[in-house]
Amino acid sequence: MNQTTPTPGALRELISFRIGAQEFCVDIMDVREIRGWTAATALPQSPAFVKGVINLRGAVLPIVDLAARLGFESSETSDRHVIIVAQIGEQVVGLLVDAVSDILSVTDDVIQPTPEVASDTAKTFVRGLLAIEGRMISLIGLERVLPDVVLEAA
Amino acid sequence: MDPLEAIRGTFFQECEEQLAELETGLLAMENGDTDPETINAVFRAVHSIKGGAGAFSLEALIRFAHVFETAMDEMRSGRLAPTDEVLKTLLRASDVLADLVRAARDGDTADEARSAAIVEELKALGPEGASEEAESEEDWGDFSFQPLSAVTLETPAAAGAWQVRFRPRADLYAKANESALLLRELTRLGEIVVELDDSELPDLESLDPEAAHLAWTVTVTGDADEAAIREVFEFVDGDCELEVTPVGGDADAGTAPLGDLDISALLAELQDSQVPVAPEPEPEPEPVAAAPVATAPARAAPPPTEAAADPAATHRKPEAGATIRVDLERVDRLIDLVGELVINQAMLSQRVMEAGFARASGVAMGLDELEQLTREIQDSVMAIRAQPVKSVFQRMPRLVREVAAMTGKPVRLVTEGEGTEVDKTVIERLADPLTHMIRNAIDHGLESPEKRAEAGKPAEGQVRLAAAHRSGRIVIEVADDGAGINRERVKQIAVDKGLIAADAPMSDEEIDNLIFMPGFSTASEVSDISGRGVGMDVVRRSIQALGGRIAISSRPGKGSTFTMSLPLTLAVLDGMVVSVEGQTLVAPITAIVETLLPKASDVHSLGGHARVIAIRDSYVPLIDVGMALGYRAEPLAATQGVALLIEGEGGQRAALLVDAIQGQRQVVIKSLEANYRQVPGVAAATILGDGRVALILDIDTIVAVSRGADSLRAEKRLAATG
Amino acid sequence: MSMTVLTVDDSRTMREMLRLALTDVGYRVVQAEDGIHGLEVLATENPDVIVTDINMPRMDGFGFIEEVRSDPQNRGIPILVLTTESDAEKKNRARMAGATGWIVKPFNPVKLVDAIRRVAA
């Protein structure tokens, strides 16, 4: 709920991570922990971007391949991959990314609006853009990361 | 939190319990229960609500509860017979009382017209001239609770001096009243001068310690009036001689003081006078029944053994099991921890096996014992959460009355097996589907009284709600004695909505089950009563979400029965662990009839991927679990796998083909929906000994989908081309 | 040393009300839910005063008072009856059973404490 109420000038912390050559970030308030990749149990009847479920200290956690979710090529998972455990509303979800790179402290006025040219995927997930030391980092909103509640036909 | 607010919360919580008690009692009476304790319990429920409401000055609630209580008191004393008519009124009154309680809680106003109408009905039951305001002189408002510090003692207006002559009788002491305390109370009313009259005190040898020998004359000077003085002696009225006269007024009060004493001197004297007979400074109580132990001087300190031998001691044994109240969170935490323990124990077992310990080794045997213990701990912890379904069944009579009133169909609700226990979480989630099913049974199941008369049935329809334990699950039935499912019409609706082809051959059972199909019922044709566009498919989904199944059986002209089968707990499950295409899956053991290795000669293809397997005399569908879940595109050769013969809730059989069986295990159920969503074919997840997540199969859905996918798709195609 | 009051009432609301009023003036409060329970508590606690409701399941106030009084050890404990029923018949029955005094519900904390002071040191 923190990332959706930007106040000009307010300082916020973001965790940035890499997917392929691209950089993204999410609000640190949404991140519960970061852990290494462990093999997931595949879920039937699920979209390709849902890698399956893992055991996180007794809870069953779905793993979303963020690359696939954002419309990039899904990468072959390996031990080098990282799971960002994020709180999305009432649910806890694991986001599979290539690597976590940084913690950024920025004020809201540094975050630029997403340009109009953006694709549907970008409109769904990208909340804004940051230019940090010449790199472009997309701020991701996580509300729509999980597949829609409406079940796809069996 | 403000302590009074907290008590207010307690009050409303308690009201809910009392309301449930009230309704249960009235319903029992309606079914012929004439036990005075039942009537008493009903009276007590209303009485308690009134009492608490008084403390919080909830005027509307007090007034209604008072009239209700008066009627119950009439019944309790046998002046009002519990006829059907009377009980119907009382039941309606209990509904109004429930509304008033909730209105008071939420700060709303209840339906005043309805309340007033019932008040009139109740008054008509009561004694002649009984009034709603019968206790208004007690001025409830003034008694409401206020912090002590905010109240100052009123000083009575009348002034002057009073002479109080006070001679206790033995009865006064028998009731544990004490003269000294009464005299001390008088000091609060003004300045006092006390004379002791010990003229009747006998010699020690002839003193009866149970008798009263002393008397006092007290002169009170101050602002107190006679009433204030008499109030001090309120409790001992009748157990003493008491005269209160104004000083200097009546010549009658003219005994001259023998000597002045202050109160401490009096107390000292009072004690002194008793020292010879009893070392304790208390006045001599008189036994109610002259028990032999009460003779002086032995009574001074009865040995403890006597108390133990006292027949009264047997009454101290609790008649019902002692109970404690525990915060639900603590129980949930305990259940979570035990769940972790079970997983850990399984992991440990697996590691030990992998380490190559022999089955007969000390370590392995110790682990077996650990497993046994863990299981027992788990069962015991689960039992803490188990509750009788009564709490949800209790909500149904009111619903039935309301729906009966709305539809104009007289209905009798019969409940059975209210004491059947099931996990609290299951109970909580039963209310909605049950509500819907009961509405449905009355609205759609039962015929109008006229139609019933034509069919030669009693005008009053019956809805039966029953619960029972069956093979490790709880089975709940909602049955009506109505017309049964109109199969013609159901089929027509399904055809009209494009759910089935017009010429699709269907068994009666299949037609009946059409009502569970998504899209079968829509808002446009669902009446007000059966609910806001909610169809039976939603009921089925909510039952399935609980790991349950629902089936219907119907007989034309006789009625319909919905049968739900639910797990006793949402926390653990006995599972068969199987492998399918490299995945580990768990099948609930309760559904499995037997396992078998298919022989090529028993398996027959029906074209496409559809196969059946011959089991003894019958053919059952053979479903490849890997295909059903989309793990593989080509079916496994039947002889390469193992078949689990399963039986669904409706009795339908199927064989599930899996690659291999790993073993049987009790698994802890973990929700997939908590962090994800429902997955078709998957009931829940669990965590295995290796720490990985395994999916628990939803067998009924797999069977239904495999069947439905073939048959329904085929029929739709026919409908489209034909 | 503060005085111990045993309250016997089947209503949680009433028990909490009593506890609040009594602890407010420094009394120690022990509670029981009905007559039977009251006798059990009495076996382990030594209350200076008992405040009991009349209308209770399992064992009502009258039965409870009679049981208390039938034990010679408990004859000296003052018992106050707490009841909404202010009619003379109820009071008399309570007194016949051995009650020391009574308090009319819904009680005013001042009257409650007054009544206790009138029967206990």
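The values are calculated or read from the model by the stated rules, or taken from the named source; none is laboratory data. Nothing here was measured: the structure is a model prediction, and the numbers come from that model. Here Cβ is always computed from backbone atoms with ideal geometry, including for glycine, and neighbour counts include all displayed protein chains.
Figures for the structure shown
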| read-out | value |
| --- | --- |
| Residue under evaluation residue A:57, criteria (1) farther than 19 Å from residue A:90 by Cα; (2) modelled with pLDDT under 90; (3) of a type in the set (Lys, Arg), criterion not met | (1) |
| Test: residue in region B:324-340 that is of a type outside the set (A, V, I, L, M, F, W, C), crowded, with 18+ Cβ neighbours inside 10 Å and at pLDDT below 85 | yes |
| Residues located in region B:108-124, provided they are closer than 11 Å to residue B:67 by Cα and charged (D, E, K, R) | B:120, B:121, B:123 |
| Selection status of residue B:441, among the aliphatic types (A, V, I, L, M), at negative phi and in contact (Cβ under 8 Å) with a residue 24 or more places away in the chain | yes |
| Top-ranked residue in region B:40-98 [being touching a residue at least 12 places away in the same chain (Cβ under 8 Å) and of a type in the set (Ser, Thr, Tyr); ranked as nearest to the other protein chains (Cβ to nearest Cβ)] | B:48 |
| Residue match in region C:91-98 (condition: of a type in the set (S, T, N, Q), surrounded by 19 or more Cβ atoms within 10 Å (Cβ to Cβ) and either modelled with pLDDT under 85 or not in a loop (DSSP other than H, G, I, E, B) (or both)) | no |
| Any hit, region B:541-553, residues being more than 30 Å from residue B:626 (Cβ to Cβ) and at pLDDT 85 or above | yes |
| Condition met for residue C:89 (out of contact with any Ser or Thr (no Cβ under 6 Å at 6 or more places or on another chain) and more than 8 Å from chain B (Cβ to nearest Cβ)) | yes |
| Residue C:107 under 21 Å from residue B:185 (Cβ atoms) and out of contact with any Cys (no Cβ under 9 Å at 6 or more places or on another chain) | yes |
| Residue in region B:420-435 that is under 19 Å from residue B:561 (Cα atoms), more than 25 Å from the chain's Cα centre (by Cα) and surrounded by fewer than 17 Cβ atoms within 10 Å (Cβ to Cβ) present | no |
| Residues satisfying the stated conditions in region A:60-74, i.e. surrounded by 17 or more Cβ atoms within 10 Å (Cβ to Cβ) and touching a residue at least 12 places away in the same chain (Cβ under 8 Å) | A:61, A:62, A:63, A:64, A:65, A:66, A:67, A:68, A:69, A:70 |
| Restricting region A:8-29 to residues that are of a type outside the set (A, V, I, L, M, F, W, C) and surrounded by 19 or more Cβ atoms within 10 Å (Cβ to Cβ), the residue that is nearest to residue A:141 (Cα to Cα) | A:27 |
| Flag if residue B:356 is within 37 Å of the chain's Cα centre (by Cα) and either modelled with pLDDT under 80 or surrounded by fewer than 14 Cβ atoms within 10 Å (Cβ to Cβ) (or both) | no |
| Subset of region C:51-83 that is within 23 Å of residue C:21 (Cα to Cα), facing chain B (nearest Cβ under 9 Å) and of a type in the set (A, V, I, L, M, F, W, C) - its residue that is farthest from the chain's Cα centre (by Cα) | C:56 |
| Region B:185-226, residues that are under 56 Å from the mean Cα position of the chain (by Cα), acidic (Asp, Glu) and either farther than 15 Å from residue B:168 by Cα or modelled with pLDDT of 75 or more (or both) | B:185, B:223, B:225, B:226 |
| Residues (over 24 Å from the mean Cα position of the chain (by Cα) and either in the same structural domain as residue B:691 (by TED's automatic domain parsing) or basic (Lys, Arg) (or both)) located in region B:325-352 | B:351 |
| Residue list for region B:18-39, filter: within 14 Å of another protein chain (Cβ to nearest Cβ) and touching a residue at least 12 places away in the same chain (Cβ under 8 Å) | B:18, B:19, B:21, B:22, B:24, B:25, B:36, B:38, B:39 |
| Pick from region B:336-359, criterion of a type in the set (A, V, I, L, M) and outside any helix (DSSP H, G or I), ranking: farthest from the other protein chains (Cβ to nearest Cβ) | B:358 |
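Matching residues to (1) within 14 Å of chain B (Cβ to nearest Cβ); (2) of a type in the set (D, E, K, R); (3) closer than 17 Å to residue B:672 by Cα; (4) surrounded by fewer than 22 Cβ atoms within 10 Å (Cβ to Cβ):
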{"site": "A:32", "(1), (2), (3), (4)": "yes, yes, no, yes"}
{"site": "A:44", "(1), (2), (3), (4)": "yes, no, yes, yes"}
{"site": "A:54", "(1), (2), (3), (4)": "yes, no, yes, no"}
{"site": "A:57", "(1), (2), (3), (4)": "yes, yes, yes, yes"}
{"site": "A:77", "(1), (2), (3), (4)": "no, no, no, yes"}
{"site": "A:92", "(1), (2), (3), (4)": "yes, no, yes, yes"}
{"site": "A:96", "(1), (2), (3), (4)": "no, no, no, no"}
